[in-house]
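For reference, the structure is listed below as C-alpha cells.
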Amino acid sequence: MQTLALQLTTTLVDDAIELVKGLGRAILSPAMEPIERIARACDVAGVLEQRRAPRPAASGGGGCKPRHCRWSPFRGLSELT
C-alpha cells in the first residue's frame, strides 16, 4: 500500500511540475516572440542556428564547465571564445 501511495504522490508532483512548466511557456512564448523575430533578423552570421543545434555530449567527467552549464549566466558566450 505504501508503494502505491508513494507512486501516486510522485506522479501527482511530476504532473504538477509539468503543468507549471507548460503554463510558463504559454505565458512567456507570446511575450518573447517579438524579441526572437528581431534576433533572427539581426543574425547575419547564423550564430543562433548554431546555438540551437544539438551538440554532442562531452566525454569528460561529471558536472559541467562554467560557460557550458545549463544554469550559467555566461552560457550564451561560449561560441565567442
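The table below lists the values:
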quantity	calculated
All positions within the stretch 43-54 that are in a helix (DSSP H, G or I) and surrounded by 10 or more Cβ atoms within 10 Å (Cβ to Cβ)	Val47, Leu48, Glu49, Gln50, Arg51
Count of the stretch 1-42 residues which are open to solvent by 70 Å² or more (accessible area, probe 1.4 Å), more than 18 Å from the chain's Cα centre (by Cα) and of a type in the set (A, V, I, L, M)	8
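The values are calculated or read from the model by the stated rules, or taken from the named source; none is laboratory data. From a predicted model like this one, the values you see are computed outputs, not experimental measurements. Virtual Cβ from ideal backbone geometry, glycine too; neighbours counted across all protein chains shown. To get the accessible areas, we keep the full protein, side chains included, count just its heavy atoms, and leave off ligands, DNA and RNA. Shrake-Rupley method; radii C 1.70, N 1.55, O 1.52, S 1.80 Å.
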